[in-house]
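I have placed the structure first, in the form of structure tokens, so that the comments after it can refer back to it.
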Amino acid sequence: LEEFMTARDETPIIVRSAAADDRAAALELISPATGRGRASQALLRAEQGILWVAVERLERTEALVGLLLATTQVDAEAEEVVGYIHELLVRPDARRRGVAMELLGAAERYFLDECHFGAVLVTTSFDNDAAIRLYRSRGYTLSQARLAKRRGAPREGSGTE
Ligand SMILES: CC(C)(COP(=O)(O)OP(=O)(O)OC[C@H]1O[C@@H](n2cnc3c(N)ncnc32)[C@H](O)[C@@H]1OP(=O)(O)O)[C@@H](O)C(=O)NCCC(=O)NCCS
């Protein structure tokens, strides 16, 4: 169990491994509007994946303010077992307080220090500046480029690039 006070000394936020009850709360924090969100919800419902949560301690209860959902994967190309971060999400009103940093720290300690896996992987879009700055600041480097040609895209390309 790790507890940290935010810089502004607001309600303390705790980052910890999820308990059984946290999975239901996690399902509600994740939006089903994206494919990633729906896949994360499916993982949670199937009781799969490893979940860490950030909770705000209120008077009598706790409120979920962030989560990190990860799985163990086999990277066939690198022939190694890796931790894969499926979802990292912080409630908008709790952002920029270091919550994502703490969640990543917990997942990294588990996969790299406890499990001795070779790497932790995460996929995000190029335009997600917040996520890219966050990962880079923790030492993540770009390791692959995935390219896709969508059905309906011009067969020969636009010719401009
Ligand atoms: C990305 C996300 C998880 C960050 O959560 P967070 O708790 O606000 O992040 P932290 O407070 O730990 O930020 C740590 C560092 O990341 C970078 N960062 C975080 N949010 C940023 C933003 N909006 N713009 C620029 N840099 C940002 C900063 O370097 C920040 O350090 P600083 O606050 O000292 O400048 C959160 O914005 C989020 O849930 N976004 C929507 C979901 C998503 O995109 N998830 C990641 C893709 S898998």
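Of (1) part of a loop (DSSP other than H, G, I, E, B); (2) touching a helix residue (DSSP H, G or I) at 6+ places or on another chain (Cβ under 6 Å), HIS116 satisfies all except one. Which?
(2) is the only condition that HIS116 fails.
For GLN41, work out the one condition from (1) assigned to a helix (DSSP H, G or I); (2) closer than 19 Å to ASP93 by Cβ it doesn't fulfil.
(2)
State the number of residues belonging to region 14-37 that are part of a loop (DSSP other than H, G, I, E, B), touching a residue at least 24 places away in the same chain (Cβ under 8 Å) and more than 13 Å from the ligand (Cβ to nearest atom).
Going residue by residue through region 14-37, those that are part of a loop (DSSP other than H, G, I, E, B) are 18-21, 30-34.
After this cut, where a residue has to be touching a residue at least 24 places away in the same chain (Cβ under 8 Å) as well, the list is 18, 30.
Still in the running and more than 13 Å from the ligand (Cβ to nearest atom): 18.
So the count comes out to 1.
Residue check: is ILE132 more than 21 Å from THR11 (Cα to Cα), at pLDDT 95 or above and within 11 Å of the chain's Cα centre (by Cα)? Quick ask: steps written out before the conclusion?
On the way: more than 21 Å from THR11 (Cα to Cα): yes; at pLDDT 95 or above: yes; within 11 Å of the chain's Cα centre (by Cα): no.
So ILE132 does not fit the description; no.
State whether one or more residues within region 132-142 are away from the ligand (no atom under 15 Å from the Cβ), of a type in the set (A, V, I, L, M), touching a residue at least 12 places away in the same chain (Cβ under 8 Å) and within 29 Å of ALA24 (Cβ to Cβ).
Filtering region 132-142 for residues away from the ligand (no atom under 15 Å from the Cβ) gives 141.
Now restrict to residues that are of a type in the set (A, V, I, L, M): none.
No, there is no match, as no residue in region 132-142 is away from the ligand (no atom under 15 Å from the Cβ), of a type in the set (A, V, I, L, M), touching a residue at least 12 places away in the same chain (Cβ under 8 Å) and within 29 Å of ALA24 (Cβ to Cβ).
Are any of the residues in region 146-161 of a type in the set (A, V, I, L, M) and under 21 Å from VAL82 (Cβ atoms)? Full working, then the answer.
If we filter region 146-161 for residues that are of a type in the set (A, V, I, L, M), which is where we start, we get 147-148, 153.
Checking the rest, the ones that are also under 21 Å from VAL82 (Cβ atoms) come to none.
No.
THR71 is checked against (1) part of a strand (DSSP E or B); (2) farther than 25 Å from SER143 by Cβ and fails just one. What number does that condition carry?
(2) is the only condition that THR71 fails.
From the list GLY105, GLY49, GLY37, GLY98, pick out the single residue that is surrounded by fewer than 20 Cβ atoms within 10 Å (Cβ to Cβ) and more than 19 Å from TYR140 (Cβ to Cβ).
Working: GLY105 fails: more than 19 Å from TYR140 (Cβ to Cβ); GLY49 fails: surrounded by fewer than 20 Cβ atoms within 10 Å (Cβ to Cβ); GLY98 fails: more than 19 Å from TYR140 (Cβ to Cβ).
Matching residue, one of GLY105, GLY49, GLY37, GLY98: GLY37.
Based on this model, can you work out whether THR124 counts as among the hydroxyl-bearing types (Ser, Thr, Tyr) and surrounded by 11 or more Cβ atoms within 10 Å (Cβ to Cβ)?
Considered against the rule, which asks whether it is among the hydroxyl-bearing types (Ser, Thr, Tyr) and surrounded by 11 or more Cβ atoms within 10 Å (Cβ to Cβ), THR124 comes out as yes.
Residues PHE111, PHE126, PHE117: which one is among the aromatic types (Phe, Trp, Tyr), at negative phi and away from the ligand (no atom under 16 Å from the Cβ)? Please lay out each step first, then the result.
Details: PHE111 fails: away from the ligand (no atom under 16 Å from the Cβ); PHE126 fails: away from the ligand (no atom under 16 Å from the Cβ).
None of the others qualify; the one that does is PHE117.
Looking only at region 148-157, decide whether some residue is within 12 Å of the ligand (Cβ to nearest atom) and farther than 22 Å from GLN48 by Cβ. Give the steps one after another, and end with the answer.
Here is the first cut: in region 148-157, the residues within 12 Å of the ligand (Cβ to nearest atom) are none.
No, region 148-157 has no match at all.
Name the pairs: first residue in region 71-97 and in contact (Cβ under 8 Å) with a residue 24 or more places away in the chain, second residue surrounded by 15 or more Cβ atoms within 10 Å (Cβ to Cβ) and among the polar types (S, T, N, Q), Cβ to Cβ under 8 Å, at least 6 apart or on different chains?
From region 71-97, the pairs are HIS86/SER40; GLU87/SER40; ARG97/THR6.
Which of (1) in a helix (DSSP H, G or I); (2) within 20 Å of ALA19 (Cβ to Cβ); (3) away from the ligand (no atom under 11 Å from the Cβ); (4) acidic (Asp, Glu) does GLU47 not meet, given it meets every other one?
Going through (1) in a helix (DSSP H, G or I); (2) within 20 Å of ALA19 (Cβ to Cβ); (3) away from the ligand (no atom under 11 Å from the Cβ); (4) acidic (Asp, Glu) one by one, GLU47 breaks only (1).
The values are calculated or read from the model by the stated rules, or taken from the named source; none is laboratory data. Treat the numbers as computed from the prediction; the structure is a model and nothing was measured. So basically every Cβ, Gly included, is an ideal-geometry build from the backbone, and we count neighbours across all protein chains shown.
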